[in-house]
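Below: the structure, in structure tokens.
Bear in mind these aren't lab numbers, they're just calculated from the coordinates by the rules spelled out. This structure is a prediction, so every number in the text was calculated from the model and none was measured. All Cβ positions, glycine included, derive from the backbone under ideal geometry; neighbour counts span all protein chains shown.
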Amino acid sequence: MSRVYSASGPCAGGAETGGLAKIDTVAEGTVAGYIWPPSSTFVFPSSSFRPASAFLQRPDSLSSSPPHYLRTTPFGLMARYALSALLALASSTYVAGQSVSFPATPLADKSFAYPTGIPQQVDTDTGGRGPQAGYNQCNSTTEGASSQCQTSFVSHIDDFCLWAPSKPNSTIADTEGEEVAWCTKKGRGTRIIPAGALQGVQYIKTGNYIQIAGFIDQTLFNMQGDDFGGELDPHGQDLRGNPIGGLMYSTGFSNDNNTFVQMHEWNSFIGGSTFCITVCPDNGAANNAAGYCRNTLDRLGCAVNSPNNAQKGTFEVCQGEDKDLPGVYTTNGQTITYSQPDESLGPITTLPFTVRTPASSNCQTFSSAALFTDAPVPSNASPSASGSGAAPTASGGKSGSSASGAASRSGSAGSAAPTGGSSSGAATTAASVFAAAAGVALSVAFLA
């Protein structure tokens, strides 16, 4: 490809941003870039643009000085900083002509030991999208329904958080930079997910990630009931993250299963009465956190990013195999990484690959009441909303099924919907990869 990107031109990955440049393909396995702004280095990451590397050349209109090129770099040697910088360019959705200001250090490259090393706010910038809306030092004094805590946790089926708005009747598109942590457990200084809000959850852990997906009453998360939502991640169009300054921790990959370890790469989709959230450790089995927690397919939701076998009314912990790297496929012997088209080109109606839902097996089921013992009862919750059932029981294995079959190609469900089949006959989502109902979800500009 050969396209010139200016302050008002389209950016790769279906986005628009200011101050971009020209992208041309170069030799497979190598990348180069230029320094723009002068303090930043942009390099194509292996997880997002593997099929053919590329280089960026600063357009003459942006500077009278000659372009500053970087020497080519093997994909495997890229630092997270370089990866983060390009993700902002490749995945942002921005209004034409709007300026982008970058922080000195991207959010995904900031590290803080929990809890003593966390500052009041990890983002102190005031330009661009404005200051961080909440705070990161969270404790018993901040916990409750009015908490603005932006430090989140994903560890187990009974110990995780979702990012959601702080004010009632909100949409993700309007509030993504301000979302706060809603958690299943007390003691972290966050909001507590109310009873009945979680209506089915599947927990999967592999050597490369923890993935939790399921069904929700999103009105109990301050979301409009018909909001198809969008993606939250630690990058965003300006590297400050969505939410700005949002931190993520997990005990799932610590040596003692008790120490909180920071997850620099994660993604979360919420909307359409469903959710999925994935956290990827820096030292996962495949050493590819950015690949398994990819953040440049925001238009394709859980169906492509986190294919799963979640069932409404079922709360289960399962063994699972790794999913395929989202958007990465092989054709004619060549490995290709899919990039979603610009939203201006209309709804995505086809994909050049089939999404495989990884097999899940040896599932243990639980009652929601037994799992979420800290959940407050909302005034508008029905008595049966919090679920029922007995102690955990083993359920049969499940074979993986495609998340992008003919039914899902019809574009009739939300972009954040869980996917996959079940052998139990319980209600499941025939999730659409594409939300199309009157073009609602695809008409919203999800900032990656």
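Taking other Cβ within 10 Å of each residue's Cβ, how do 263, 223 sort, fewest first?
Fewest-to-most Cβ neighbours within 10 Å comes out as 223, 263.
Give me 282, 125 sorted ascending by neighbouring Cβ count inside 10 Å, so fewest comes first.
282, 125
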